[in-house]
1. To the nearest 10 Å², what's Lys536's accessible area with a 1.4 Å probe?
2. What accessible area per residue, rounded to a whole number of Å², is obtained for the range 30-156 using a probe radius of 1.4 Å?
3. Straight-line reach from Lys209: which lysines have Cα under 19 Å away, leaving out those fewer than 8 places along the same chain?
4. Compute the distance from the alpha-carbon center of the range 329-375 to that of the range 737-775, in whole Å.
5. By how many nm would the segment from Ser217 to Arg604 lengthen if fully extended, with 0.36 nm per residue of separation less the alpha-carbon distance?
6. Among the lysines, which have Cα under 22 Å from the Cα of Lys130 when same-chain residues fewer than 8 positions away are ignored?
7. Sequence-distant or interchain residues sharing an amide H contact under 5 Å with Ser462, placed H: which?
8. Taking the alpha-carbon distance from Lys81 and a cut-off under 13 Å, which aspartates and glutamates remain once sequence neighbours fewer than 8 residues away in the same chain are dropped?
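The values are calculated or read from the model by the stated rules, or taken from the named source; none is laboratory data. Since this is a predicted model, take the numbers as computed values, not measurements. Glycine gets a Cβ as well: all are built from the backbone with ideal geometry, and neighbour counts include every protein chain shown. These accessible areas exclude ligands, DNA and RNA; they are computed on the full protein's heavy atoms, side chains included. Shrake-Rupley method; radii C 1.70, N 1.55, O 1.52, S 1.80 Å.
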Amino acid sequence: MPAPRFFRILLLVALACVASEVGCSDRRFPHLDRLRELHRREGRPAAEQEAAERGLLARLLPSHSESFDFRVISMDQCGGKACFIVDNHPLFDGNGTPEVLILGISGVEISAGLHWYLKHYCAAHISWDKTGGAQLSSVPRPGSLPRVPSGGILIQRPVGWSYYQNAVASSYSFAWWNWERWEKEIDWMALQGINLPLAFTGQEAIWQKVFQRYNISKPDLDDFFGGPAFLAWSRMANMHGWGGPLHQSWLDDQLALQKKILSRMYAFGMFPVLPAFSGNIPATLRSKFPSAKVTHLGNWFTVDSNPRWCCTYLLDASDPLFVEIGKDFIEEQIREYGGTSHVYNCDTFDENTPPLSDPNYISSLGAATFRGMQSGDDDAIWLMQGWLFSYDPFWEPPQMKALLHSVPVGRMIVLDLYAEVKPIWINSEQCMLHNFAADFEMYGVLDMVASGPIDARLSANSTMVGVGMSMEGIEQNPIVYDLMSEMAFHHRQVDLQVWVETYPTRRYGKSIVGLQDAWKILYQTLYNCTDGKNDKNRDVIVAFPDVEPFVIRTPGLHTGTSKTYLTKSSKKYIAVDASNNEYEQPHLWYDTNAVIRALEHFLRHGDEVSDSNTFRYDLVDLTRQTLAKYANQVFVKIIENYKSNNVNQVSTLCQHFIDLVNDLDMLLASHEGFLLGPWLESAKGIARDKEQEIQYEWNARTQITMWFDNTKTKASLLRDYANKYWSGLLRDYYGPRAAIYFKYLILSMEKKEPFALEEWRREWISLTNNWQSDRKVFPTTATGDPLNISRKLYTKYLRDADLILPEVFAMAEIDPLYLTPNMFLQARYT
């Protein structure tokens, strides 16, 4: 997402060229032909790209550094298309000479060819370190690598570009990265065949240089830039100053890091996408240029429209300064970085509604934005996320057409951010506009991932020029990204039955029928969401309801303190609530019992692959998924019994819920992919001094809890948007928060009074703000055996899940008859 949305976090994209009543042939877009020619002419020498690939192999599979030979070839040798060729090396003699020859038109294509060979001939698997890393144990030893068919295999891209990243991933995932982590990510990109990645790091240092020309100093910018964990939204004019200021050392370090990032991307033959000017300006610019036409934008999710953070300023497109600043920014980037790929990202009015709906105004804004790019780079191409069209009802066909037609045909690329769920290209003449996101939730629409890019490319008048991935946050759901990256090289739909059957063999390094059966179930349930709804994790544990209990719908009758209501008529009680907040039900699109059966397969066959880090990650994630949904059921039972005025059962079930949170924390602690510690330590790790360390840790803690501003009794409107199932966060924050709510539930029943909503809010908001500023250190390494822990928790909570809740009294550690509200808190969190 461009900015925190209440219903998405992670995503897959397609690219579409915006054109008016023209077909799909690239020949109808001379600007894109010109861009490809520039890329070929200005790209790094073949020797440098081949060296980059050898470096990748040495990092990925050092034992096989001499087993592969890489060569960059011309596009003519690929039939005029982007391709790679995998062949048996003609000089292999069994005595340490290379066995496999991989050719491609660039380092990226060669990397994709290496991945293709390892995946399809060696049954290997590559994913992020946090999701288990690479499974390479199935790769035969040097000298014994599998041979490919005589004459080699040729894989051509059906479309030329493979895009990667979302504008907000720079804050949700990359905020604290150093070069070591970036190097791993660029290797991952190359292996996935990504050749069009966003490159947003360090842009604040460029803006500082540009704004200095307009007499805007560093102190003037302190209220403009957000903190490191919130930069994505200050860049998009959603907010200003939140989490800041940025220290000069941070600006300098990020600029140096960006230069390393770009250098490595170019070395692989990638085409990094740089940012462009959208009109977002510091407030100080108004006083420096009092005659400038400036619009004061509206509130974006602050509490009470707090002007300290909200309501940014947009320079009007008709003002001469607009194009001038846009030109300066592009030129400064080219000067600082020593070159450009000529593709620039700019998201106009991303989750901010334009001040005028007049299509002429919208058109002038789009034209001025592009003129700013073109003035700095005559060959500029504008790349834009299409999210604004689906997020804001403001964008009706006349406004969409005005913006999209304000740029010459072939000079704009629109990211279609939701094709695997709602392929808007089916009903659109111009572009594709879908979006999809998810956080810590096992979720996907594999059927659409396998067919959507093919359908879009083959549709009538298709203007599709690429595929890609644009998730808000990375390092989850590896199966989705494994498939989506592969789709960049498929001309026909993938047989998912076969693909899913082979997935666990590649993922774990062994062929185990029981695990294949488990993944068939997961494909048909977790990864087959067909209800068309956006998935944003609202599990009770990580997104605890901030509402009076009678607002929460439960089946059947419930009893209030003085009157009985039908659940469907509970609006009578809601009217008493001073809050207008609505309870957002957790999304459930699958049979939870079927998923538990898949978990049983994992537990039954776990000993056979217990040494596999990829298996351990999947086991923890699947156990987490099932227990999280079970916790949602427990919470509903708590509310049902509250409405029935059964204090004993409420007390016992509340304790059961807290026990579950603590047990989940123990489970998550058993794998490095589910730890809070690395997030906080990486934030502190880039600090230059104690002051920065405190600030950066506050940024990191705030993003995953309250997110934005609050008062003593009004929580942030974005609270829990970036929730995480991380060990440390559950035991130290989510559990204590739930315990406060349960305390007030029990007090309400004992005193026969309405739920003390304001007191609950005051206490949990105070808890949150204190946690944001806390300095407690959390582990960065895993502890415990995931398989043993998962088996114990399955037995405790899931083996007889339908029977556990009625019999939960037998599990109570404290007699509910003697459990007072204060005793409840002390028993669980002293």
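1. Rounded to the nearest 10, that gives 10 Å².
2. Details: 5440 Å² over 127 residues.
That works out to 43 Å² per residue.
3. Lys218, Lys259, Lys288, Lys327
4. Between the Cα centre of the range 329-375 and that of the range 737-775, the gap is 46 Å.
5. Details: separation 387, 0.36 × 387 = 139.32 nm, distance 6.36 nm.
Gain in length upon complete extension: 133.0 nm.
6. Filter leaves Lys119, Lys184, Lys510, Lys536, Lys684, Lys724.
7. Under 5 Å from the amide H of Ser462: Cys24.
8. By straight Cα distance, Lys81 reaches Asp26, Asp33, Glu37, Glu109.
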